[in-house]
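> Here it is, the structure, as structure tokens.
The values are calculated or read from the model by the stated rules, or taken from the named source; none is laboratory data. Quantities reported herein were computed from a predicted structural model and do not represent experimental measurements. Reconstructed Cβ throughout: ideal geometry from the backbone, glycine too, with neighbour counts over all protein chains shown. All accessible areas refer to the heavy atoms of the entire protein, side chains included, with ligands and DNA or RNA removed. Shrake-Rupley method; radii C 1.70, N 1.55, O 1.52, S 1.80 Å.
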Amino acid sequence: MTNSTEARLVEESVVREDVFAHLKVKFNIEISSYSALYMGFHNWKWIVATPINKLFIKCYHPKRYCLAEANLRLKVSKSLSFQKILHDQAQVCPDVLSHEGKYIFQSNSGYFYVVMEHFEGSTPPRAGHLNVELMYRIGQATGRMHSVLSRYPGEGVHWTPTLGTMKEKWRKQFDMADDLPSSKAQLKRALERQGQLLSQLDLSLFDELEPGWAHWDLWSDNMLAGVDGDIRIVDFDTVQYGYQEIDIARAILSGSLSEGVLHIGPTAAFLKGYREEHSFPEGRLSLSLKLLWCREAHWWLKTDIDTFSAPPKRFAEELIWLTEHWDHLEPWFGRNGMVMK
């Protein structure tokens with residue numbers, strides 16, 4: 001995001017005119033009106049009206065996705081191909097426009113963009129406060145998504161946590177923690193605890209998990225709820241061959257954690273909906289949460305947390321909670337847990 005609204009608007013108008021002109025020539029799509037969306041980071045987004053329907057257009061900002069790089073463009077295109085499959089087979093996400101096997105198009109001035117069906121829905125108003133009914137429906141949609149994705153074989157080596165990388169990134173932040181003010185005592189304690197956990201972490205605890213394709217960014221801003229209760233999952237730019245448990249843990253934290261409490265009602269509702277569509281063994285939630293911690297703790301537990309925008313600050317709060325409650329996750333949510341099966 002640019003430093004001033006004026007600068008962003010000037011830039012947005014240039015990009016918008018170029019992309020809209022390309023749509024007219026390439027697809028004969030006549031845009032009668034539009035509204036710009038400023039949620040998210042850097043990318044330009046518009047809802048446009050045509051004589052036939054409404055569409056959603058996203059243009060990739062080179063600071064976020066440098067799609068001039070062929071390998072990255074191929075990776076994002078693969079993710080979008082899964083979105084197309086999931087729309088056609090499970091109706092859990094908006095349809096995405098394809099042309100001659102391509103999902104990403106390039107305007108005359110070199111901007112890369114995608115075109116999707118517009119879904120009349122809204123994101124949850126407040127992370128951590130999703131109600132039982134909404135979490136149940138999100139669980140169902142996530143289960144349907146994973147059921148379809150599980151039909152497709154992996155490509156290459158699946159993602160796994162790397163202890164050396166986690167320790168290296170933690171050490172950099174921990175060495176700067178001495179300069180933190182007293183108001184950041186909780187973060188400093190979390191960094192100390194993070195180091196203790198890393199020193200005793202045995203990654204073999206994840207050996208029982210089966211790799212598979214996952215959305216990989218399943219938090220509340222990437223879920224749309226329609227007025228009829230239908231759920232659509234969006235933002236399929238980072239689909240990853242890794243572990244589907246990451247999606248489950250991320251969705252539950254994003255929807256159910258508030259004021260330092262992981263609320264059992266919405267969490268149980270998500271898992272109930274999920275298990276109606278796809279298998280998830282009893283006691284698996286604690287392992288899922290620990291796996292998410294291994295993926296994200298070194299991203300969000302940082303000494304410059306005050307400079308983060310609202311979503312990263314929310315992620316930092318979630319990872320601090322996981323760090324503080326690591327020893328409780330198995331008793332609460334594991335195989336022998338009494339709170340949740």
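> For helix 70-90, report the angle its Cα long axis makes with the longest principal axis of the Cα atoms of the chain; keep it between 0 and 90° and round to the nearest 10°.
Tilt relative to the chain: about 90 degrees.
> Right, here's the next one. At 1.4 Å probe radius, can you tell me the per residue accessible area of segment 151-293 in Å²?
That works out to 44 Å² for each residue.
> A further question on this structure: Hey, how many Å between the Cα centroid of segment 263-341 and the Cα centroid of segment 160-216?
14
> From the C-alpha gyration tensor of segment 28-76, pull out the three semi-axes of the equivalent ellipsoid (sqrt of 5λ each), sorted largest to smallest, in whole Å.
Values for segment 28-76, descending: 25, 14, 7 Å.
> On to the next question. As I understand it, the value is the acute angle between the Cα axis of helix 285-300 and the longest principal axis of the Cα atoms of the chain; what does it come to in degrees, rounded to 10?
Value to nearest ten degrees: 70.
> Check each of the GluC sites (Glu not before Pro) in segment 249-284 and keep only those in coil by DSSP with at most 10 other C-beta atoms within 10 angstrom; list them in order.
259
> Continuing with this model, one more query. Could you pull the accessible area for residue 192 with a 1.4 Å probe, rounded to 10 Å²?
Ignoring ligands and nucleic acids, residue 192 comes out at about 80 Å².
> Give the label of the value calculated from the structure for mean projected area of the Cα convex hull in nm², choosing from (i) 17.1; (ii) 18.3; (iii) 20.6.
Read-out taken from this structure: (ii).
> Then there's this: Relative to the longest principal axis of the C-alpha atoms of the chain, give the angle of the C-alpha long axis of helix 245-256, reported between 0 and 90° and rounded to the nearest 10°.
Tilt relative to the chain: about 90 degrees.
> On to the next question. On the protein heavy atoms, probe 1.4 angstrom, tell me the percent of accessible surface of the chain carried by carbon and sulfur.
Values: 8350 of 16230 Å².
Carbon-and-sulfur percentage of accessible area, whole number: 51.
> Same structure, new question: Does segment 74-214 classify as rounded, prolate or oblate by the C-alpha gyration tensor (a ≥ b ≥ c root eigenvalues; a/c under 1.5 gives rounded; else a/b over b/c gives prolate, otherwise oblate)?
prolate
> Still on this model: Where does each of 12, 120, 30 land when they are ordered by accessible area, with a 1.4 Å probe and the largest first?
Sorted by accessible area, descending: 120, 30, 12.
> Suppose each label sits 7 Å from its Cα in the direction of the beta carbon; what would the residue 64-residue 208 distance come out to in nanometres?
3.9
> Compute, for the chain, the length of the dipole vector about the Cα centre, with Cβ point charges of +1 (Lys, Arg) and -1 (Asp, Glu) only. Units Debye, rounded to 20.
The calculation lands at about 240 debye.
> Same structure, new question: Would you calculate, for the chain, the mean residue ellipticity at 222 nm contributed by helices, counting each DSSP H stretch of 4 or more residues as -39,500 (n - 2.57) and dividing by all residues, to the nearest 500?
-15000 deg cm²/dmol
> Mark the label point 7 Å from the Cα of residue 158 along Cα→Cβ and return the residues of segment 113-147 whose backbone N is within less than 20 Å of it.
142-147
> Skipping prolines and chain starts, which residues have an amide H placed within reach, meaning under 5 Å, of the one on residue 230, given they are 5 or more residues away or on another chain?
none
> Let me make sure I get this right: for segment 221-341, a, b and c are the square roots of the gyration tensor eigenvalues over alpha carbons, sorted descending. Under 1.5 in a/c it's rounded, otherwise prolate if a/b > b/c, else oblate. Which is it?
Numbers: a/c = 1.55, a/b = 1.08, b/c = 1.43.
Since a/c reaches 1.5 but b/c is at least a/b, the shape of segment 221-341 is classed as oblate.
> Take 219, 44 and sort them by solvent-accessible surface of the protein heavy atoms, 1.4 Å probe, largest at the top.
Of 219, 44, the descending order of accessible area is 219, 44.
> Scan around residue 50 for amide H atoms under 5 Å from its own, H built in the peptide plane at 1.01 Å from N, and keep only partners 5 or more places away or cross-chain.
When sequence neighbours closer than 5 places are left aside, the close amide H contacts are 32, 55.
> Using 20 Å as the Cα-Cα cut-off, could you pick out the over-long pairs in 167/290; 26/63; 169/302; 24/54; 167/188; 26/54?
On the way: 167/290 16 Å; 26/63 26 Å; 169/302 9 Å; 24/54 15 Å; 167/188 16 Å; 26/54 18 Å.
Result: 26/63 exceed 20 Å.
> Next question, about the same structure. May I ask you to rank 136, 243, 152 by accessible area, largest first, using a 1.4 Å probe over the protein chains only? Intermediate values should be presented prior to the final figure.
Details: 136 50, 243 15, 152 75 Å².
Highest to lowest solvent-accessible surface, that is 152, 136, 243.
> Dipole of the chain (Lys/Arg Cβ +1, Asp/Glu Cβ -1, origin at the Cα centre): which of 105, 32, 219 lies farthest to the positive side?
Of the candidates, 105 comes out farthest on the positive side.
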